[in-house]
Each structure stands twice: as structure tokens, then as C-alpha cells.
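Asker: Here it is: the structure, laid out below.
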Amino acid sequence: EAQVTQNPRYLITVTGKKLTVTCSQNMNHEYMSWYRQDPGLGLRQIYYSMNVEVTDKGDVPEGYKVSRKEKRNFPLILESPSPNQTSLYFCASSRAGQGRGSPLHFGNGTRLTVT
Amino acid sequence: QQQVKQSPQSLIVQKGGISIINCAYENTAFDYFPWYQQFPGKGPALLIAIRPDVSEKKEGRFTISFNKSAKQFSLHIMDSQPGDSATYFCAATRSNYQLIWGAGTKLIIKP
């Protein structure tokens, strides 16, 4: 089954404790992206990757890191989480970008709480 | 100029009624307008999309109406069903790399 898998689904952590949210896709997609979803703000892009070893900042990259060492994996790293990073996070992939003919496929989300 | 404004924030419709969600944009360079549907506990999924060279696109009970001169587009759900209860996001893009999202509309269909 074609899918984007995120882990964990739920994560509660404390301020400053480094964490990684994993994302993996099995569709051989070149494009991958991370979003955070907050009430009233919709989806905001954190980072995206056009291909292996190619990453770029989205709208809200501060406090986050990513890497794309393999085509299928795109982990999101929070080196020193803070309470304002409490949010619902989504990983997505597509064949090529976010434009016409290339719909985004989303994972089921990771709900992160930073205390 | 980069914003997509979506309204209403929430909407309650009786079963069998018509649900209408509106979006407005400023950037005339946008050339692709998708709608995504998100059920609780799931990620968004593409529902329907339109390009600015057509004024309407219909897929089953879902229709996008596009008004290029007013820079507005809307999603109409005919014969709304309880299974349509979800959050709906409009979006717009002029490139392959940056999708501008609306804030979302939580739709509840009452049986």
C-alpha cells in the first residue's frame, strides 16, 4: 500500500530535550515536506526537499532541522524543543513538487507536546 | 499578496443541504487551486483541483467554482452527507515548490 509513515503518533517531551520525528514514504517520490498545523493558522511549511541531499526552508524553519540522506526518508529534528513548538506535525511527499498533476500525500500526523 | 483567505472558519449544514466554503487570493500569478479534505486523526488528502482557465470543475457531489476577475474560488458540496464532516483546506500555488494554504474550514453535517 502506498503510504507516508510518520513516527511517533504522539510525543510528550520537556523543553530542551532533543527529539526526532521520522518520516518514510514507499512511493519513490522525489519531493518531501514537513508542515505544522495549528488552529486558525492552517498548514505552514517548515522545510522541504526536492531530492536526496537537497533541502530548503519553508515558511517557519526556525528551531527545526531536516536531512535527506535517502530518497524514502525525511526526518524532522528539534535540537532544543520549546513550548511554542507544541503542534500537530505532518510529513508529505509527492512525485514532483506541489503543483498541478502532483498531489501531496500526507502521513497521519505526529502530535507533539513540549512542556 | 501571498495569502489565501478562507471562510467560514466553521460550518454546520443539515444532511442533504449544500455546503459552501469560500477562498480569496491576491496574487494573480497563482495558476493551480487545490482543495484538500482532512478527517480527524488523518492527514489532508487532495479532493479536487482547478486551473484558472476554467470557471467550474465538478467531481461527483463536489464542485469548484472559480471567479478569476474577483480572485475568488469556492467549494460546493451538494447533497451533503455526515461522511463529508471534515476540515477542508483551500490552497494556491504558482510554482511546484510552495503551496499557500487557507486556514481551514471545519464542516459538520448534521443527520
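The values are calculated or read from the model by the stated rules, or taken from the named source; none is laboratory data. Computed from a predicted structure; not experimentally measured. Quick reminder, even Gly has a Cβ in these numbers, built from the backbone with ideal geometry, and neighbours come from all protein chains shown.
Asker: Take the range B:87-102 and flag every residue that is at pLDDT 95 or above and surrounded by fewer than 21 Cβ atoms within 10 Å (Cβ to Cβ).
Answerer: Correct list: B:87 only.
Asker: Yes or no: residue B:45 surrounded by fewer than 13 Cβ atoms within 10 Å (Cβ to Cβ), of a type in the set (A, V, I, L, M, F, W, C) and closer than 17 Å to residue A:98 by Cα?
Answerer: Taking the combined requirement at face value, the residue does not satisfy it.
Asker: Yes or no: the range B:13-21 includes at least one residue that is at pLDDT 95 or above and under 23 Å from residue B:95 (Cα atoms).
Answerer: no
Asker: If you don't mind, another one. So, in the range A:49-70, of the ones that are among the charged types (D, E, K, R) and surrounded by fewer than 17 Cβ atoms within 10 Å (Cβ to Cβ), which residue ends up nearest to residue B:101 (Cα to Cα)?
Answerer: A:59
Asker: Having 1 or more residues that are more than 11 Å from chain A (Cβ to nearest Cβ), over 22 Å from residue A:45 (Cα atoms) and without any contact (Cβ under 8 Å) to a residue 60 or more places away in the chain is the bar; report the strands (runs of 3 or more DSSP E) wholly within the range B:1-91 that clear it.
Answerer: B:19-25, B:56-59, B:62-67, B:72-77
Asker: Out of the residues in the range B:52-77 that are among the hydrophobic types (A, V, I, L, M, F, W, C) and exposed (fewer than 14 other Cβ atoms within 10 Å of the Cβ), which is nearest to residue B:101 (Cα to Cα)? Reasoning before the result, please.
Answerer: So the first thing to find is which residues in the range B:52-77 are among the hydrophobic types (A, V, I, L, M, F, W, C), and the list is B:54, B:62, B:64, B:66, B:70, B:73, B:75, B:77.
Now narrow it down to the ones that are exposed (fewer than 14 other Cβ atoms within 10 Å of the Cβ): B:54, B:70.
Details: B:54: 21, B:70: 19 Å.
Taking the candidates together, the pick is B:70.
Asker: Give the residues of the range A:88-108 that are small (Gly, Ala, Ser), in contact with a strand residue (DSSP E or B) (Cβ under 7 Å, 6 or more places away or on another chain) and surrounded by fewer than 21 Cβ atoms within 10 Å (Cβ to Cβ), sorted by residue number.
Answerer: Those that are small (Gly, Ala, Ser), in contact with a strand residue (DSSP E or B) (Cβ under 7 Å, 6 or more places away or on another chain) and surrounded by fewer than 21 Cβ atoms within 10 Å (Cβ to Cβ): A:96, A:97, A:99, A:102.
Asker: Would you check if there is a residue in the range A:39-46 being closer than 30 Å to residue B:10 by Cα, surrounded by 14 or more Cβ atoms within 10 Å (Cβ to Cβ) and polar (S, T, N, Q)?
Answerer: Yes, there is a match, as at least one residue in the range A:39-46 is closer than 30 Å to residue B:10 by Cα, surrounded by 14 or more Cβ atoms within 10 Å (Cβ to Cβ) and polar (S, T, N, Q).
Asker: Please determine whether any residue of the range A:7-18 is aromatic (Phe, Trp, Tyr), more than 11 Å from the chain's Cα centre (by Cα) and under 18 Å from residue A:102 (Cα atoms).
Answerer: no
Asker: To continue, here is another question. With a cut-off of at least 3 residues that are within 14 Å of chain B (Cβ to nearest Cβ), name the strands (runs of 3 or more DSSP E) lying wholly within the range A:1-79.
Answerer: Values: elements: A:4-7, A:10-13, A:19-25, A:31-38, A:42-51, A:54-57, A:76-78.
Per the criteria, A:4-7, A:19-25, A:31-38, A:42-51, A:54-57.
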